[in-house]
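Asks: Below are the structure tokens for one structure; questions will follow.
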Amino acid sequence: MAEPVVRIPDAKVALSTASVYPESTATAFEIAARLGYDGVEVMVWTDPVSQDMEALRRLSDYHRIPILAVHAPCLLITQRVWSTDPWTKLQRAQAAAEKLGAGTVVVHPPFRWQRQYARDFVEGIWRMANETDVRFAVENMYPWRYRDREMLAYAPDWDVTKDDYRHFTIDLSHAATARADALDMVDRMGDRLGHVHLADGRGSAKDEHLVPGRGTQPCAEVLERLALTGFDGHVVIEVNTRRAMSSAEREADLAEALAFTRLHLASAVKVPRP
């Protein structure tokens, strides 16, 4: 009987520029290139370089590492980045992705207090998706918790599988915070799952974004399932390295995350030797 050999799936492994915080967007490109990531996802936030398409293009060209995705500025701290109007933010994210050659725009569902935006969100995302080849991949979020209280901060829902979107992003750290079954969520997303934010969590009320393998989420199982089902989107390492005591420790965490991801993407897919 011929021994099986590993076949690496088509999914590319990228580094989110958020993973190097508090270091800069430029540092993320340098680390991604040095460690051998396939590309980066640019988190558009308060770092001016993350908002500057020409600066991002120069970084991509210099380090010879492609920009695979753009994360629209949807966070509380980015409410004034690229306008205060949420649709303008998405239009600029789409234009950035098209200009930079990125295939995906990651977007969060609206905050509940963004009432008009939330009311039109599902239909508006479809409308924008129909006007471009860029994927608008809507990301699962989580309820906000304080002690015994829970607040539903996102609309139409933090669980984006309850609404009709063309593409989804699954974030495993968010699934942990929501105390949701990540494998079940992957199944519900089905072939509309276009993008993955890989990070671990322990079910804390805080969004932890641990290095994969350091929490309780089924990170390995999700990767193996993606490989077996022929997932051809991007797997993005989006972890929190703020507690790293040095740049070397931060880089070691990101190297570990990359090794974990490649191992479990490859271990699931074997074909017989000819």
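Asks: Show which aspartates and glutamates lie in cross-link reach of LYS99 when reach means a straight Cα distance below 13 angstrom and same-chain residues fewer than eight apart are skipped.
Replies: Within reach: ASP52, GLU54, ASP133.
Asks: Counting Lys and Arg as +1 and Asp and Glu as -1, what is the net charge of the other residues whose Cβ lies under 15 Å from the Cβ of LEU254?
Replies: So the surrounding residues net to -4.
Asks: Report the trypsin sites (Lys or Arg not before Pro) located in the range 11-65 that are in a DSSP loop and have at most 15 other Cβ atoms inside 10 Å of their Cβ, or state none.
Replies: ARG64
Asks: Just for the chain, what percent of DSSP beta bridges are antiparallel, to the closest 5?
Replies: The antiparallel fraction comes to roughly 20 percent.
Asks: Something else about it: Setting aside same-chain residues fewer than 8 positions from LYS12, which aspartates and glutamates have a Cα under 12 Å from its Cα?
Replies: Hits, sequence-local ones excluded: ASP38, GLU41, ASP232.
Asks: Okay, moving on. Note down, for the chain, the three equivalent ellipsoid semi-axes (square root of 5 times each alpha carbon gyration tensor eigenvalue), biggest first, whole angstrom.
Replies: Details: eigenvalues 146, 100, 79 Å².
Equivalent ellipsoid semi-axes, largest first: 27, 22, 20 Å.
Asks: For the chain, what is the charge dipole size about the Cα centre, in debye to the nearest 20, if Lys and Arg each add +1 at the Cβ and Asp and Glu each add -1 at the Cβ?
Replies: Taking the Cα centre of the chain as origin, the dipole is about 260 debye.
Asks: Now for a separate question. Calculate for the chain the 222 nm mean residue ellipticity that helices alone would give, adding -39,500 (n - 2.57) per DSSP H run of length 4 or more and normalising by residue count, nearest 500 deg cm²/dmol.
Replies: -11000 deg cm²/dmol
Asks: Quantify how much of the Cα-Cα distance distribution of the range 101-160 extends past 15 Å, in percent.
Replies: 55 percent
Read-outs: derived from the displayed coordinates by stated rules, not from any lab. Since we're looking at a predicted model, the values are computed, not measured. A quick note on method: Cβ atoms are made from the backbone with ideal geometry, for glycine too, and the neighbour counts reach across all protein chains shown.
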